[in-house]
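Here is the structure we will look at, set down as structure tokens.
The values are calculated or read from the model by the stated rules, or taken from the named source; none is laboratory data. Bear in mind that the values here come from a model prediction, so they are computed numbers and not experimental data. Note: ideal-geometry Cβ built from the backbone for every residue, glycine included; neighbour counts use all protein chains shown. With ligands, DNA and RNA removed, areas are computed over all heavy atoms of the protein, side chains included. Shrake-Rupley method; radii C 1.70, N 1.55, O 1.52, S 1.80 Å.
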Amino acid sequence: MANHTKNSLLEAITVSSEQGRAIPDAATGETMGYVPQHTIADLEAAVAAAHEAQPAWAALGHAKRSEILHKMADEVEAHAEDLAQIISQEQGKPLGGMGSRFEVGGCAVWLRSAAETPLEPELLFEADGTRSEMHFAPVGVVGAISPWNWPAMIAIWQIAPSLRMGNTVVAKPSEYTPLSVLALIELLRRHVPEGVLTGISGDREIGAALAAHEGIDKLMFTGSTRTGREIVKSSANNLARLTLELGGNDPGIVLPGTDVKAVAEQIFGGVFINTGQTCASLKRLYVHDSVYDELVEALGTLAEAAKLGPGLDEDSQLGPLTTAQQFRIVSELVEDAKARGGRIVTGGEAAPDLGPHFYKPTIVADIDDGARLVDEEQFGPVLPVIRYSDVEDAVARANASDQALGASIWGDKDEARKLAERIESGTVWVNQHGTLNPMVPFGGVKQSGYGLEFGSHGLKAVANPKVITF
Ligand code: NAD
């Protein structure tokens, strides 16, 4: 276990047990701190302050705001270890690898990228002495509602571009991981005037009130498809512009004759990142007959070797499920797979000796579409591996889902690249899965949502398009 020295960042945001709600350590279930429980009155005050602060923030201009975003990134880097420890404890992901230190590093990278991405007015038309240009003006006040799986990273994806474009922000973290986000916001707020960025901690009710608030001009939402639908309904009243990053059930297709040794580790990483609790992790793998047995065995070996343990243990590679509810969902889907004759290659059970929500990394073979584990988003450390013999059939099955966030194709690069055009998905990766780049837009289609984040597309998504003709 890591040697815990005093975490001054955690101390700065936690309140006393009488004033706040206990937040459990994801690995042990023991209380790690108390989070303030904000009320509707606090939300009202935050939105009012955001309105008041917005004109001056917009008037600062891009160059000054970009400078401030860089200072925020410096601040995050200066407190990186404290923030990473809070995330690992609260959310459960390991400190190392693609874990909480990586998440905190990503926060700084996305802040700097939002600061540096150029966004010039676009020439739309020019003839006979008339010119039309598209400009990108601030939207106003942005509501930012985030989930619990990558709490700080997803919050920064919403906050950084919004601030860069001259908006002010009211951010509502998941009720399961508020400390990680309030800690991040505490660092960012050191560099902006009052009202520019406020964190509101609360449950679904506070989220619904924020989404429906008349004072919100744009809502950035990342979470489940079910909640996304509720948010669309509330936007009928305030006409808030929406970016919806919703759930995914990402397919992977392994082509005939693929070199298993060349892809197995990457596939494993694409599935088990953050213990499978990642919107765009690989969630169902279609493998051609010719390499099926070899790949199943290779994945089984990797899963057995992966070290499961508390996030704060330096040598953990996978952590616990973050919530009791997610632990139940994963257990249920695996039991259903077993009942349907799915073959447990490795795992297939909890690891209660480690803590209440640990589930062993699991590979399920000889399973088919129609099983809940294939059709539903498991959001946990379990991969169903489905056999196919005809590539056309694999493409049809990959496209059969109503979720369409990410997908990947593995094998010959040219063949995979061609096939990528026929996959219905926001992103299709070739010989990789889940790699994100702050300059490359990311977003879902179908029931996985709409709107893009990152790069200049992401900046435009938090701006009002304005045509000037002269
Ligand atoms: P969730 O929808 O339950 O909660 C997300 C947030 O919405 C929380 O802050 C919650 O308090 C709030 N909320 C709940 N009800 C609300 C309402 N009626 N109005 C407004 N806000 C409300 O999702 P979750 O369980 O926290 O996250 C897991 C889901 O998020 C998975 O489906 C996952 O795939 C998805 N996800 C998607 C992406 C992406 O980029 N597409 C990224 C991460 C997670």
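Summed over the range 183-212, residues that are open to solvent by less than 20 Å² (accessible area, probe 1.4 Å) and assigned to a helix (DSSP H, G or I) total 9. The number of residues in the range 1-23 that are in contact (Cβ under 8 Å) with a residue 60 or more places away in the chain and open to solvent by less than 70 Å² (accessible area, probe 1.4 Å) comes to 9. The sole residue among Leu123, Leu179, Leu119 that is more than 13 Å from the ligand (Cβ to nearest atom), in a loop (DSSP other than H, G, I, E, B) and either open to solvent by 10 Å² or more (accessible area, probe 1.4 Å) or within 24 Å of Gly92 (Cβ to Cβ) (or both) is Leu119. Which residues, taken from the range 255-273, are open to solvent by less than 10 Å² (accessible area, probe 1.4 Å), more than 13 Å from Thr362 (Cα to Cα) and within 16 Å of the ligand (Cβ to nearest atom)? Residue satisfying the conditions is Gly270 alone.
Taking residues in the range 170-195 that are over 22 Å from Gly33 (Cα atoms), and partners anywhere that are of a type outside the set (Gly, Ala, Ser) and near the ligand (Cβ under 9 Å from one of its atoms), the pairs with Cβ atoms closer than 7 Å and at least 6 places apart or on different chains are Val170/Leu210. Test Ser88 against the stated conditions and say whether it is more than 16 Å from the ligand (Cβ to nearest atom), open to solvent by 10 Å² or more (accessible area, probe 1.4 Å), in contact (Cβ under 8 Å) with a residue 40 or more places away in the chain and farther than 24 Å from Lys218 by Cβ. No.
Could you please find all residues in the range 24-55 being surrounded by fewer than 18 Cβ atoms within 10 Å (Cβ to Cβ), under 25 Å from the mean Cα position of the chain (by Cα) and over 23 Å from Phe327 (Cα atoms)? Once the filter is applied, which keeps residues that are surrounded by fewer than 18 Cβ atoms within 10 Å (Cβ to Cβ), under 25 Å from the mean Cα position of the chain (by Cα) and over 23 Å from Phe327 (Cα atoms), the range 24-55 yields only Gln37.
Where helices (runs of 4 or more DSSP H) fall wholly inside the range 389-470, the ranges with 3 or more residues that are under 20 Å from Gly270 (Cβ atoms) and away from the ligand (no atom under 12 Å from the Cβ) are 391-399, 413-420. Considering only residues in the range 126-155 that are more than 16 Å from the ligand (Cβ to nearest atom) and hydroxyl-bearing (Ser, Thr, Tyr), the one that is farthest from Thr469 (Cα to Cα) turns out to be Thr130.
Against the numbered list (1) assigned to a helix (DSSP H, G or I); (2) within 16 Å of the ligand (Cβ to nearest atom), Gly105 comes up short only at (2). Within the set of pairs 6 or more residues apart or between chains, which connect a residue that is farther than 16 Å from Ser162 by Cα inside the range 209-227 to a residue that is more than 8 Å from the ligand (Cβ to nearest atom) and part of a loop (DSSP other than H, G, I, E, B) with Cβ atoms less than 6 Å apart? Going by the 6 Å Cβ cut-off, the qualifying pairs are Thr225/Gln447.
Filtered by the rule that a residue be surrounded by 22 or more Cβ atoms within 10 Å (Cβ to Cβ), near the ligand (Cβ under 9 Å from one of its atoms) and not in a helix (DSSP H, G or I), the range 213-248 gives Leu219, Phe221, Thr222, Gly223, Leu244, Glu245, Leu246, Gly247, Gly248. Annotation: Ala280 fulfils all but one of (1) assigned to a loop (DSSP other than H, G, I, E, B); (2) among the hydrophobic types (A, V, I, L, M, F, W, C); (3) more than 8 Å from the ligand (Cβ to nearest atom); the unmet one is (3). Considering only residues in the range 345-374 that are in a loop (DSSP other than H, G, I, E, B) and acidic (Asp, Glu), the one that is surrounded by the most Cβ atoms within 10 Å (Cβ to Cβ) turns out to be Asp366.
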